[in-house]
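The values are calculated or read from the model by the stated rules, or taken from the named source; none is laboratory data. Computed from a predicted structure; not experimentally measured. Here Cβ is always computed from backbone atoms with ideal geometry, including for glycine, and neighbour counts include all displayed protein chains. Heavy atoms of the whole protein, side chains included, go into the accessibility calculation; ligands, DNA and RNA do not. Shrake-Rupley method; radii C 1.70, N 1.55, O 1.52, S 1.80 Å.
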Amino acid sequence: MITKKMNCKLINLKYFDDKNSTLIAIEKQVNCPFEIKRIFYIFDVPKNTIRGEHANLNSEFFFIVLKGECKIKADNGKEQKVFILNNPKQGLYMDKMLWKQMYDFSKDCILLVLSNTLYDANEYIRDYNEFLKVSK
Ligand code: TYD
């Protein structure tokens with residue numbers, strides 16, 4: 001049996017250290033695997049709050065923790081991977097059709113999210129059992 005590998009990976013971002021500081025640029029195909037159509041950011045998340053808990057039919061995401069730390073879990077219905085994000089020099093790419101959870105946010109965490117789509121509530125699957133059915 002061939003099982004599809006989960007397409008979710010940490011990408012090290014090239015950075016420029018000069019003037020006693022650091023600059024990182026995100027560009028399509030250079031370090032972000034898709035053309036960016038949307039940017040949003042999440043912050044002030046209380047301890048014990050879980051965000052996400054959905055899958056997307058079309059959206060891919062690229063997560064970068066600008067400050068602080070959080071965990072992101074990806075689930076393709078068969079396996080799960082947990083990533084600890086606490087380094088703005090890394091981004092987490094996540095393909096469409098992965099169930100995702102973002103949790104264990106530090107108080108100061110700022111999570112930047114890039115996507116290949118414009119927001120469309122209809123492409124969200126918010127029920128885990130439905131996700132399992134659709135992902136088969
Ligand atoms: P939601 O997808 O539930 O956030 P999370 O995945 O972090 O738990 O979105 C929260 C609210 O923000 C919801 O009312 C929809 C709205 N929203 C937009 O209007 N545009 C967007 O690009 C996103 C991601 C959310």
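Side notes on the structure shown:
- Restricting attention to region 49-66, the residues that are charged (D, E, K, R) and part of a strand (DSSP E or B) add up to 2.
- Residue among E27, E53 that is touching a residue at least 24 places away in the same chain (Cβ under 8 Å) and acidic (D, E): E53
- Answer residue from region 9-41, given it is open to solvent by less than 50 Å² (accessible area, probe 1.4 Å), assigned to a strand (DSSP E or B) and away from the ligand (no atom under 16 Å from the Cβ) and is farthest from K67 (Cα to Cα) among those: C32
- For beta carbons closer than 7 Å, sequence separation of 6+ or different chains, a first residue in region 84-96 that is open to solvent by 60 Å² or more (accessible area, probe 1.4 Å) and a second that is among the polar types (S, T, N, Q), the qualifying pairs are K89/N12; K96/N56; K96/N58; K96/S59.
- On the stretch given as region 97-123, residues that are under 12 Å from F63 (Cα atoms) and either open to solvent by 60 Å² or more (accessible area, probe 1.4 Å) or near the ligand (Cβ under 8 Å from one of its atoms) (or both) total 4.
- Of the criteria (1) free of Cβ contacts under 8 Å to residues at least 12 places away in the same chain; (2) outside any loop (DSSP other than H, G, I, E, B), which one K71 fails: (1)
- F63 fulfils the conditions (1) closer than 15 Å to K89 by Cβ; (2) more than 13 Å from the ligand (Cβ to nearest atom) except for a single criterion, (2).
- For region 58-70, taking the residues that are of a type outside the set (A, V, I, L, M) and open to solvent by 50 Å² or more (accessible area, probe 1.4 Å), the one that is farthest from I125 (Cα to Cα) is identified as K67.
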